[in-house]
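**Student:** Mind having a look at this structure? Questions to follow.
The values are calculated or read from the model by the stated rules, or taken from the named source; none is laboratory data. The structure presented is a predicted model; accordingly, all values stated were derived computationally and were not measured. Please note: Cβ atoms are built from the backbone with ideal geometry, for glycine as well, and neighbour counts cover all protein chains shown. For the accessible areas, the whole protein counts, side chains as well, though only heavy atoms, and no ligand, DNA or RNA atoms are used. Shrake-Rupley method; radii C 1.70, N 1.55, O 1.52, S 1.80 Å.
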Amino acid sequence: MSDFRLCVLVSGGGTNLQAIMDRIDDGSLSGIVISRVISNNPDAYALERAKKAGIEAVCVSRRDYPDAAAFNSALLSAIKESEPSLVVLAGFLVVLPREVIREFEGRIINIHPSLIPSFCGKGYYGLFVHEAALKRGVKVTGATVHIVDEGTDTGPILIQKPVMVKEGDTPEILQRRVMEEAEWIILPEAIRKMADAEEGREN
Ligand code: GAR
């Protein structure tokens, strides 16, 4: 049986990418490989993490293209070249071009740092999500992995995990707790689930 291939898209630190690599290393994601990591941001530490692990890491930056259409088509090509079974948005902070969503319909997942449908949609990404949760005064937040459709954070939910908000939390403290207690656990779990579903279809 051939490997289940991930193309992981990132923009920043890459701790979610690291969580995937760690679960591949410890055998929880057996039969799964990362075929390529793509960042829109040349300075993303996630690219370093990939290179250190011997994974092909490429940057497709909007700045290197004359217009959005050229960037979108370069991004689509970079993903297609890696022949992914699944595209994983692991802190990819660019709205995914429609042509990418259409090409890989049902085969793109995203990790979002809240319990969708709270604090999601346009403008809710990274620390802004946790700022909004604290401002609203919620006592429970969490993370969601969902399948990507053409809306922003609107696709079918695969896994969610709640995380308690604590007295005195700052957006940074809450972000870290949501990563540790939810994101780094449910993103690999969702990948396992998608790979197992694919295997079920093949057999
Ligand atoms: C993560 O918290 C992820 O959930 C969030 O960006 C962070 C990336 O961290 N994604 C979004 O907000 C998407 N809307 P990382 O680079 O350390 O994995």
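**Student:** If D43 meets every condition in (1) within 16 Å of the ligand (Cβ to nearest atom); (2) touching a Leu at 6+ places or on another chain (Cβ under 7 Å) apart from one, which number is that one?
**Tutor:** D43 satisfies every listed condition except (2).
**Student:** Please indicate, with yes or no, whether at least one residue in region 119-133 is assigned to a helix (DSSP H, G or I), more than 23 Å from P188 (Cα to Cα), away from the ligand (no atom under 13 Å from the Cβ) and in contact (Cβ under 8 Å) with a residue 12 or more places away in the chain.
**Tutor:** no
**Student:** Something else about it: If you scan region 47-105, which residues turn out to be part of a loop (DSSP other than H, G, I, E, B), among the hydroxyl-bearing types (S, T, Y), open to solvent by 10 Å² or more (accessible area, probe 1.4 Å) and without any contact (Cβ under 8 Å) to a residue 40 or more places away in the chain?
**Tutor:** Of everything in region 47-105, just one residue is part of a loop (DSSP other than H, G, I, E, B), among the hydroxyl-bearing types (S, T, Y), open to solvent by 10 Å² or more (accessible area, probe 1.4 Å) and without any contact (Cβ under 8 Å) to a residue 40 or more places away in the chain, namely Y65.
**Student:** Which condition number in (1) under 22 Å from E189 (Cβ atoms); (2) surrounded by 15 or more Cβ atoms within 10 Å (Cβ to Cβ) is the one that D26 fails?
**Tutor:** (2)
**Student:** Any chance region 139-146 includes a residue that's over 26 Å from A195 (Cα atoms), surrounded by 15 or more Cβ atoms within 10 Å (Cβ to Cβ), of a type in the set (A, V, I, L, M, F, W, C) and modelled with pLDDT of 95 or more?
**Tutor:** no
**Student:** How many residues does region 106-118 hold that are within 9 Å of T144 (Cα to Cα) and surrounded by fewer than 16 Cβ atoms within 10 Å (Cβ to Cβ)?
**Tutor:** Residues in region 106-118 being within 9 Å of T144 (Cα to Cα) and surrounded by fewer than 16 Cβ atoms within 10 Å (Cβ to Cβ): 0 in total.
**Student:** Right, next: Look through S39, S61 and report the one residue that is under 16 Å from L6 (Cα atoms) and of a type in the set (G, A, S).
**Tutor:** Result of the check over S39, S61: S39.
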